[in-house]
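Notes for the one structure printed next.
A short reminder: the numbers here are calculations on the coordinates, not readings from a lab. Bear in mind that the values here come from a model prediction, so they are computed numbers and not experimental data. Ideal geometry is used to build each Cβ from the backbone, glycine not excepted, and the neighbour counts take in all protein chains shown.
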Amino acid sequence: MSSYITVESEPEGACLYCSAVFFIEGDSVMPELMLPYARDYAAQDLYVFPCAFDKSPITKNGYRDGSKDIAQIERWWGQNPYAMIGCVTGPRTDVILLDVDIKRGVDGRASLKKLRIDVSGCPQAVTPSGGSHYYFRLGGKTLRNSQGKLGPGLDVRGQGGYAILPPSTPDPRRPGYAWVNDISLAAAPVISPELEALLKEKTDELTAECNKIRAAKPGERNAVLNACAFKIAKIVLGGRLQEAGAREALTEAALEIGLEREEIDKTLKSAFEAREREKEGKGGSSARQGRRVMFPDVEPWDTEVEGEELLDEIAAAIHRHIIMSDDQGLATALWSIHSYCIDAATHSPRLHLWGPTRRCGKTQLCEVLYHLVRKPLLSETMTISVLFRVVDAHQPTIIVDEADLLLKDNDELRAGLNAGFQPTGMAHRIVGDDLEPRGFSMWSPVVISGIGKLHPTLADRSIDIDLVRKKKSETIGRLDAAAKSELLTIGRRIARWSKDHLDRLKAARPELPSSINDRACDCWEPLLAIASEIGEDVRRKTFAAAIALTAEDADEAEAGIVLLSDIRAVFDSRVAKNIDDADKIASAALVTELINMEGRPWSSWRKGKAITQNAIGRLLKPFGIRPGNVWFAGNATQFKGYLREHFDEAFSRYL
């Protein structure tokens with residue numbers, strides 16, 4: 001007795017993209033390998049390539065990578081032995097496919113019967129859904145794909161398309177693709193003039209948009225899909241197309257050119273929901289006032305990107321246009337990458353760009369980030385309604401400039417920005433005529449730019465980048481068209497690195513500095529995860545930057561608690577080392593001890609400079625501790641310093 005099973009684990013030699021399919025014969029289990037069949041099709045002058053079980057190409061460039069080179073085919077199926085076999089259609093193989101669907105209540109056989117097309121001499125394969133594939137030769141003609149053009153349930157795969165060949169099996173619990181007759185593809189009849197004429201008639205709108213997607217060039221694919229999806233969504237809402245079929249056609253076209261299914265689904269969801277909201281608006285021209293907000297994703301770089309090189313490239317680009325410290329440049333560069341990797345994070349720190357006055361580079365840095373980050377939305381007048389609706393629909397990177405004006409006395413907007421700090425953050429509203437309570441996701445990366453400090457609750461969820469005005473002796477580059485183009489190119493490289501490392505980042509648990517508070521750890525964790533994935537040297541620099549920048553942001557009371565803890569450790573160390581007068585310490589010696597403590601903030605306490613005796617005195621003053629004259633055994637000179645007993649009360653109350 002024979003049967004199929006699926007193994008979801010990944011034993012040695014398992015398929016990289018598909019669950020393993022095994023053929024069971026008695027007590028022996030043998031994998032049903034696709035390589036022999038792929039080789040055989042290539043020998044028939046067909047261009048083949050591996051596909052996942054959802055029919056999407058595994059290769060980088062989709063069906064365009066189709067090959068009849070045996071060595072290449074063996075490499076592909078050596079890595080993915082159970083992958084389905086895709087075959088390029090169109091002039092390249094001189095093959096065109098008539099796909100007769102039977103699903104979702106549509107029976108393509110009825111449409112085929114009405115057309116009176118003779119398929120009796122065609123190679124025929126049955127599909128897993130019960131439909132049929134009929135193959136014709138093109139005979140040197142060029143005919144493109146079409147979706148439903150010949151009638152409901154009838155699709156055509158020609159130029160710009162591909163077919164799945166038997167014995168590919170997407171679901172081992174059901175029959176897969178199988179040949180019905182023994183007619184070879186080489187013996188397929190040339191497409192009839194009648195069928196050719198039908199296919200050359202004016203193209204319907206859905207097929208036209210799908211063809212635009214298939215023709216999109218690298219670097220433009222996401223933007224083209226976004227535009228086509230908006231257009232088709234409008235047609236669907238007008239009642240001229242069924243949504244399910246339209247979504248399937250758009251998805252299939254996007255998969256064929258190598259876009260990821262998850263991103264395709266997000267784009268289509270965004271387009272159809274936006275059109276639905278437009279329809280539910282006030283109606284007429286008022287529903288279309290203003291300009292549509294677009295969030296086309298950048299096309300990831302074509303080749304793999306080395307992380308440390310990318311980070312240096314981002315930081316250098318930022319420093320060309322902004323005066324800031326190395327730690328601030330590193331944090332800003334890592335945060336730019338975070339905007340693409342937010343789905344791997346458990347928190348998204350607000351990046352706070354601030355200065356004491358005007359012309360410190362805040363707006364310039366907003367503009368730089370606008371051309372680097374994923375799906376940017378730059379605004380100076382955003383309302384809470386815009387925020388929760390646009391975030392829920394698109395998850396853009398929000399860039400709020402002039403925040404000192406926008407957030408003044410605006411508790412609701414500030415609460416919304418707070419809520420988006422973590423994935424569970426939601427805004428709840430009553431919507432519709434039936435007053436239904438609905439939740440809107442607030443989870444999105446946010447840049448906040450303005451003069452002065454933030455409200456404490458928002459500051460607690462932020463990484464501060466305090467900017468300074470450029471000196472007359474300092475020069476920065478102008479943000480002209482060439483510079484913006486360079487930043488957009490870097491954005492493509494960030495997108496590629498993020499795509500390649502997203503799964504590893506989801507599992508990352510980076511080491512966090514013990515000297516910063518729990519909320520600061522939440523802010524820095526996603527950046528440290530990215531830094532650790534890039535390399536150990538970057539991780540160490542980021543670890544130090546987290547301590548330094550957090551120390552600069554910490555309020556005096558909080559820093560005082562940290563200082564008390566470290567001074568207690570200094571006294572305990574002196575006792576353990578049997579140092580004379582271990583219960584006393586000179587102020588200068590205390591500064592040295594604190595600066596030498598690894599992983600603590602004192603070596604770069606303010607603006608990268610070490611803590612001073614005066615700074616220690618200022619932090620200890622609220623606890624009633626002041627330096628005094630201290631005598632040390634064997635030394636005729638007294639020093640300014642501290643006695644252990646002066647700290648006992650503070651140690652017992654605050655530590």
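Table for the structure above
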| quantity | calculated |
| --- | --- |
| Per-residue Cβ neighbour rank within 10 angstrom, fewest leading, Asp537, Asp518 | Asp518, Asp537 |
| Residue-wise HN-Hα coupling along the range 67-84, computed from phi with Karplus coefficients 6.51, -1.76, 1.60 (Hz; x: Gly, Pro) | 9, 10, 6, 4, 4, 5, 4, 5, 5, 4, 7, x, 7, 9, x, 10, 4, 5 |
| Sites matching trypsin sites (Lys or Arg not before Pro) across the range 349-440 that sit in DSSP coil, with at most 16 neighbouring C-beta atoms within 10 Å | Arg358, Arg359, Lys408 |
| Student exercise, the chain dipole from Lys, Arg, Asp, Glu Cβ charges, in Debye to nearest 20 | 2140 debye |
| Part-to-part distance (alpha-carbon centres) for the range 465-530 and the range 163-232, which is given in Å | 41 Å |
| (1) 3, 12, 21, 24, 18, 12, 7, 3, 0, 0; (2) 3, 15, 25, 25, 18, 10, 3, 0; (3) 3, 13, 19, 19, 16, 13, 8, 5, 3, 1, 0, 0, with the label sought being that of the calculated P(r) over Cα pairs in 10 Å bins from 0, in percent | (3) |
| Pairwise label distance in nanometres, Thr357 with Ala215, each label 7 Å out on the Cα-Cβ vector | 5.7 nm |
| Segment Lys60-Lys499, length gained on full extension (0.36 nm per residue, minus Cα span) | 156.8 nm |
| Size descriptor, Kirkwood hydrodynamic radius, that averages inverse alpha-carbon separations across the range 556-654, Å | 13.8 Å |
| Relative contact order %, the chain, counting alpha carbon pairs below 8 Å whose residues are six or more apart | 9 percent |
| Modelled FRET efficiency - R0 45 Å, Ser565 with Ala482, Cβ distances, 0.05 increments | 0.30 |
| Which of Met597, Met382 has the fewest Cβ neighbours within 10 Å, and the rest in rising order | Met597, Met382 |
| Simple label model, 7 Å out from Cα along Cβ direction - Asp302 to Arg438, nm | 4.2 nm |
| Spin-label pair Gln638/Val575, simplified geometry with 7 Å Cα→Cβ offset, distance in nm | 2.6 nm |
| Inter-part distance where the range 555-585 and the range 362-393 are each reduced to a Cα centre, Å | 46 Å |
| Relative contact order (percent, whole number), the range 556-654, Cα cutoff 8 Å, 6+ residue spacing | 32 percent |
| Over the range 354-469, relative contact order from alpha-carbon pairs under 8 Å, at least 6 apart, % | 36 percent |
| The chain: angle of helix 221-237 to the longest principal axis, Cα-based, in degrees nearest 10 | 70 degrees |
| Theoretical gain in end-to-end length, Asn181 to Asn596 [0.36 nm per residue, Cα-Cα removed] | 141.3 nm |
| Helix-only CD estimate at 222 nm, as mean residue ellipticity for the chain, using -39500 (n - 2.57) per DSSP H run (n ≥ 4) | -12500 deg cm²/dmol |
